[in-house]
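Each value in this text was obtained by applying a stated rule to the coordinates, not by laboratory testing. Here the structure is a predicted model, which is why all the values come from computation and not from measurement. We place every Cβ from the backbone using ideal geometry, glycine too, and count neighbours over all the protein chains shown.
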Amino acid sequence: MPPRARKNTDQADDTAAHDTDTTAAADSAALAEPGLPPAAKADAENKAAADADVETKIPDVTPLEPPTPPVSPAPERAPLTTAQQVLPADLNGTIVDETTGLMPDPEGVFVLVEPFKDRYRCTVRLVEHVGMGVYQTPTAVLRAPVGAEFTAAQAHRIITKLREQVTAAAAAE
């Protein structure tokens, strides 16, 4: 089998350029022909104008990541005030002040919020030590953050539990 002849790439480029030139020359010759209908002349003009105006637009730098939208500040969280958010149905663990680790004075834990007569604000961070899961793994659960506002009934439940703890601790000693 004879070896294949390789086509010279320079010749191929010259041939392609010659074909393009002849196509453009044929289009301009069609414009000069007087016997063409007006619609054919308009098509030829549009094609010639389109070939002349074609330009490839390449961006200078492609972005690596999409633009980020402006970040708005996160809305403030509502204070924990409902019984479902703060207090479970039963307080079965030991409630302590998180900073000291001791049982706080039940009378000094809450202060009355002045404009409202039925709202109380917590002055210490109260956590409850409970056992969770099948094996009663000891866990500290937040029950009242500092500054949380409670209704009179919710505050009374916590104060009652703290008083029970104090009396149980005094009886144990």
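Some observations on this one:
- Most tightly packed first, judged by the mean number of other beta-carbon atoms within 10 Å of their residues, the peptides 131-142, 66-77, 103-114, 151-162 read 151-162, 103-114, 131-142, 66-77.
- Overall form of region 120-173 per C-alpha gyration tensor (a/c, 1.5; a/b vs b/c): oblate
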